[in-house]
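Okay, structure first, notes after.
No lab work stands behind these numbers, since they all come straight from the coordinates. Here the structure is a predicted model, which means the values were calculated and not measured. Positions of Cβ are generated from backbone atoms using ideal geometry, with glycine treated the same way; all protein chains shown enter the neighbour counts.
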Amino acid sequence: MDFDDNLPVASSDASCDAADARTCDVTILVCSSCRDETGSDAHPRAGARLAEDARLAANGKNIAVRGVECLGNCKRRLSAALIRDGAWSYVFGDLNPSSGEDLVAGAKLFATSTDGLIPWRGRPDSLKRGLIARIPPLAFIKEDK
Ligand code: FES
């Protein structure tokens, strides 16, 4: 993993309270530290540009966008996660600085899901090819004993 405390962190002006993910339908976490394909240290980092692109795409959609410093997925380039209270969590990689619309499209699908999963049908191709992992909610594990 690659950590840098001085990286910019994207804020959200979504219609929900980004500080409390439970008030939003879905929260998109974007790694603001990810570099572009050249590995450049230039700022803003490609990940920060993706966070800003997602923030703009999410405006007014009850979807929060927050920047984080590393999602531990550095080898798969630009990375983001989609989280929703009580639902599965998803990590995506191989994104680019203009993938914000795709992340928001996935978040909107996720928000309408009744089974806690992001529907495959209608999911942007980047969120099909770039799926790294999905993680069940803790309640799912407890119920599965
Ligand atoms: S720097 Fe590690 S996932 Fe972006």
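Structure values in brief
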| read-out | value |
| --- | --- |
| Ranked by how many other beta carbons lie within 10 Å on average, peptides 98-111, 128-141 from highest | 98-111, 128-141 |
| Highest average packing first - 114-127, 60-73, Cβ atoms within 10 Å | 60-73, 114-127 |
| Virtual paramagnetic centre 7 Å along Cα→Cβ of ASP41, amide N under 20 Å, in the stretch 77-105 | 77-78 |
| Highest-first arrangement of 36-44, 49-57, where packing means the average Cβ count within 10 Å | 49-57, 36-44 |
